[in-house]
Amino acid sequence: MFRSALAALLLTASAAVLALPFSSQSALVIDEATGRVLLEKNSDRLSSIASLTKLMTAMVVLDAHPDMNEPISIEQSDVDMLKHSSSRVPVGTTLPRRDVLQLALMSSDNRAAASLARTYPGGYGAFLQALQAKITALGMTRTVIEEPTGLSPNNQSTATDLIKMAVAAGDYPDIARITTDQRDLITINHRATEYHNTNQFVGRKGWEILLSKTGYTMEAGRCLIMRMKSAGKNVVMVLLNATPSGRNMDAWQIQRFLTGVAIPQPNTRRSGRHVAKSAKGRPMKLVKAGRGAKRVS
């Protein structure tokens with residue numbers, strides 16, 4: 001559920017007091033308690049969002065309160081025929097829904113996300129209806145999501161809208177827990193298989209991450225959502241359409257700016273220099289929408 005302090009989220013850039021070189025084409029960082037914008041760059045620019053989509057998929061699934069122990073079988077229809085992405089979950093694998101959710105969020109498996117939507121109560125059509133209702137309830141007025149994995153380039157949003165999604169997702173204990181697991185052992189066809197978080201900062205010294213999701217397609221570039229504790233406050237960041245090495249470097253730059261501490265630098269190389277500015281802004285209304293949000297047409 002949204003915190004009342006975020007009802008007056010500030011989002012319009014004014015005079016800059018600091019500039020950071022950013023690879024990401026869009027970026028937004030807020031202080032969650034006050035809604036104050038700490039850093040902003042092209043926060044209202046539309047972009048494909050890749051696997052950031054899976055945070056929305058997870059919320060919609062959990063809103064339905066399904067049996068998390070119910071076995072789900074991965075079917076041929078769950079295989080990615082758009083991007084032909086790889087998966088370590090073979091067709092025919094049967095797992096409890098809780099493990100499928102773990103795979104979809106922590107290791108961003110596309111077959112897992114597709115199967116969650118397919119097995120949604122009432123079927124895939126009901127999932128899409130609930131998905132659109134959730135987007136509306138969260139006030140994500142510039143967001144279009146047409147499928148559950150993020151493989152479609154038509155899944156688009158802005159950093160401003162995705163801050164709303166990130167804050168909402170942080171109120172789901174299962175999502176917070178899974179997305180901050182560094183690794184997990186999941187039994188696939190009677191064999192324990194280790195899966196890892198796609199975010200290399202999870203579990204790293206100096207990073208207290210409370211929520212995390214990465215994304216990547218050719219159209220979306222490298223994307224990242226993180227909610228974390230930094231310098232004694234909870235902050236939420238969204239990075240969209242970064243270069244391959246730039247996403248992690250941008251996150252590191254933000255953490256260094258927030259803490260003023262020289263934390264270990266990621267083993268990445270910068271590509272390009274774009275400026276993100278710290279800013280204040282106008283109030284923007286957030287819609288209070290918990291897990292019991294009603295469907296709207």
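The values are calculated or read from the model by the stated rules, or taken from the named source; none is laboratory data. The structure displayed is predicted, hence computed values, not measured ones. All Cβ positions, glycine included, derive from the backbone under ideal geometry; neighbour counts span all protein chains shown.
Odds and ends about this structure:
- With respect to (1) modelled with pLDDT under 95; (2) farther than 20 Å from Gln102 by Cβ; (3) part of a loop (DSSP other than H, G, I, E, B), the lone exception for Trp252 is condition (3).
- Residues within region 160-190 that are crowded, with 16+ Cβ neighbours inside 10 Å, without any contact (Cβ under 8 Å) to a residue 24 or more places away in the chain and assigned to a loop (DSSP other than H, G, I, E, B), tallied: 0
- Among (1) assigned to a strand (DSSP E or B); (2) under 16 Å from Leu28 (Cα atoms); (3) touching a residue at least 60 places away in the same chain (Cβ under 8 Å); (4) of a type outside the set (A, V, I, L, M, F, W, C), the one test that Thr193 misses: (2)
- For region 88-141, the set of residues classified as in contact with a helix residue (DSSP H, G or I) (Cβ under 6 Å, 6 or more places away or on another chain) and among the β-branched types (Val, Ile, Thr) consists of Val89, Val91, Val100, listed by residue number.
- Checked against (1) farther than 17 Å from Ser115 by Cβ; (2) polar (S, T, N, Q); (3) over 17 Å from the mean Cα position of the chain (by Cα), Gln76 meets all criteria but (1).
- Per-region count, region 31-67, residues out of contact with any strand residue (DSSP E or B) (no Cβ under 7 Å at 6 or more places or on another chain) and within 27 Å of Ala133 (Cβ to Cβ): 14
- Pairing residues of region 205-223 that are surrounded by fewer than 22 Cβ atoms within 10 Å (Cβ to Cβ) with residues that are part of a strand (DSSP E or B) and hydroxyl-bearing (Ser, Thr, Tyr), at Cβ distances under 7 Å and at least 6 apart in sequence or on separate chains, gives Thr217/Ser48; Glu219/Ser48.
- Selection of region 177-236 for residues being in contact with a Pro (Cβ under 9 Å, 6 or more places away or on another chain), basic (Lys, Arg) and modelled with pLDDT under 95 yields Arg204, Lys205.
- Only one entry in Ser108, Ser85, Ser77 is over 20 Å from Gly125 (Cβ atoms), surrounded by fewer than 18 Cβ atoms within 10 Å (Cβ to Cβ) and either of a type outside the set (Phe, Trp, Tyr) or touching a residue at least 12 places away in the same chain (Cβ under 8 Å) (or both), namely Ser85.
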